[in-house]
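Just below is one structure, and these are the notes that go with it.
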Amino acid sequence: MLFKQQVLLKQKLLVLGSLAIGSLLYLVARVGSLDRLQPLCPIDGRFGLHGQDDIPLRAIQFKRGLLHEFRKGNASKEQIRLHSLVQQIPKAIIIGVRKGGTRALLEMLNLHPAVVKASQEIHFFDNDENYAKGIEWYRKKMPFSYPHQITIEKSPAYFITEEVPERIYKMNSSIKLLIIVREPTTRAISDYTQVLEGKERKNKTYYKFEKLAIDPNTCEVNTKYKAVRTSIYTKHLERWLKYFPIEQFHIVDGDRLITEPLPELQLVEKFLNLPPRISQYNLYFNATRGFYCLRFNIVFNKCLAGSKGRIHPEVDSSVITKLRKFFHPFNQKFYQITGRTFNWP
């Protein structure tokens, strides 16, 4: 009996020993794998934490952590004071254009550790009621940020609203202005598609695009139709140039931002005098969505809302041809003014 107990005890000890050795080997392998993985995407490689123009590591940490709590209103005044957080007037504004890719641009710029975005469209400068509330109301609509960071907001209606250029000029005559554009006819159809979807959700009927874009009396392009007017980029830009020099504008190619976002974002970084921080690591193509999604770090990814990339209705080819012919001279003038040429038909 004693002999059997000794044998059982030895067997148990052998099993426990094997488990302990196995666990130890797993931990060693795990640490080794982490060591091997780290050089593929070190944090200082992604954000460049060495040099005089660097973004402090704490800014990166708080931007994805505590700043989120501050935006939700979950932080105390003491926490805000201790972390030197402030609500700043934007140093750059995405002023348009509607259905050009303003949301995508804002979200992608937010990948940069020195950029903090206003989550909602504020509509301060284009809304008389909001504008009457004053600049402090506008400031308090902004997210908390560190003093060295740039706050950016976007309201696409700014670009086409007559009063906005003067109002922004009075706030900050040296502000940087971002305009993102797409091929004008495609943008107009996208504009129509968004409105159409809204009507359908409410079980309302809506005219076909052809009937809105073409004047039935003259059979010419209907310039009273808002979707058409918005795509005449040069007309709106000329109004802005009465207050701001062309050097304070940066034109973003909205079509290229969909297919090759990184080069466009690097141009914006340079325009905003930001150290280059956004890399290919931060952007990955989602084949299911057909768009690039955002990677902030190893655990936090984000794709744009499902409403992005709506399928456009079929439009009569003769109407598309007529619109492209109509927009052509305006496009040529836009190229001349901005110094940027696009491959628009």
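List the residues, sorted by chain then number, that are 5 or more residues from I214 or on another chain and whose placed amide H is less than 5 Å from its amide H.
The list, which skips near neighbours in sequence, is N222.
I'd like the Karplus ³J(HN,Hα) series for region 186-198: coefficients 6.51, -1.76, 1.60, θ = phi - 60°, whole numbers in Hz, and an x wherever there's a Gly or Pro.
With coefficients 6.51, -1.76 and 1.60, one gets 4, 4, 5, 5, 5, 4, 4, 4, 5, 5, 4, 4, x Hz.
Which entries in the list K211/K322; K208/K325; K141/K270; K91/K224; K226/K322 go over 23 Å, if you measure between the two C-alpha atoms of each? Write out the running numbers ahead of the final one.
On the way: K211/K322 13 Å; K208/K325 20 Å; K141/K270 27 Å; K91/K224 34 Å; K226/K322 17 Å.
Going by Cα-Cα distance, K141/K270; K91/K224 fall outside the 23 Å limit.
For region 267-316, what does the accessible surface come to per residue with a 1.4 Å probe? Please give it in Å². Intermediate results must be reported in sequence, preceding the final value.
Values: 3000 Å² over 50 residues.
Result: 60 Å² per residue.
What are the ³J(HN,Hα) values, in whole Hz, obtained from phi via the Karplus relation 6.51 cos²θ - 1.76 cosθ + 1.60 with θ = phi - 60°, for each residue of region 153-160 in sequence order, with x given for Gly and Pro?
Going residue by residue, I get 10, 9, 9, x, 5, 4, 4, 9 Hz, with x marking Gly and Pro.
On full extension of the chain, what length is gained from C303 through R256, given 0.36 nm per residue of separation minus the C-alpha to C-alpha distance? If you can, show how the numbers build up before the last one.
Details: separation 47, 0.36 × 47 = 16.92 nm, distance 1.75 nm.
Stretched fully, the C303-R256 segment lengthens by 15.2 nm.
Output wanted: per-residue J couplings in Hz (rounded whole) for region 325-334, from phi through Karplus 6.51 cos²θ - 1.76 cosθ + 1.60, θ = phi - 60°, x for Gly and Pro.
5, 5, 6, 3, x, 5, 5, 4, 5, 5
Would you work out if region 188-240 is rounded, prolate or oblate? Take a ≥ b ≥ c from the square roots of the eigenvalues of the alpha-carbon gyration tensor; rounded if a/c is under 1.5, else prolate when a/b is larger than b/c, oblate otherwise.
Numbers: a/c = 3.39, a/b = 1.43, b/c = 2.37.
Here region 188-240 falls in the oblate category.
Decide, for region 184-288, between rounded, prolate and oblate: order the square roots of the alpha carbon gyration tensor eigenvalues as a ≥ b ≥ c, take rounded if a/c falls under 1.5, and otherwise choose prolate if a/b is larger than b/c, else oblate.
Values: a/c = 3.12, a/b = 1.50, b/c = 2.09.
Taking the square roots of the gyration eigenvalues as a ≥ b ≥ c, region 184-288 is oblate.
In terms of modelled amide H atoms, which long-range or inter-chain residues lie less than 5 Å from the amide H of Y292?
Correct list: N286.
What distance in nm separates the two pseudo spin-label positions at H83 and N127, each 7 Å out from Cα along the beta-carbon direction?
If labels sit at H83 and N127, their model points lie 2.7 nm apart.
With a point put 7 Å past each Cα toward its Cβ, work out how far K199 is from Q332 in nm, to one decimal.
In this crude spin-label approximation the distance works out to 3.4 nm.
Shape verdict for region 147-211, please, from the Cα gyration tensor: rounded (a/c under 1.5), prolate (a/b greater than b/c) or oblate.
On the way: a/c = 2.59, a/b = 2.39, b/c = 1.08.
Taking the square roots of the gyration eigenvalues as a ≥ b ≥ c, region 147-211 is prolate.
The values are calculated or read from the model by the stated rules, or taken from the named source; none is laboratory data. Small disclaimer: the values here were computed from a predicted structure and weren't measured. Cβ atoms come from the backbone with ideal geometry, glycine included; neighbour counts cover every protein chain shown. Ligands, DNA and RNA are excluded from the accessible area calculation, which covers all protein heavy atoms including side chains. Shrake-Rupley method; radii C 1.70, N 1.55, O 1.52, S 1.80 Å.
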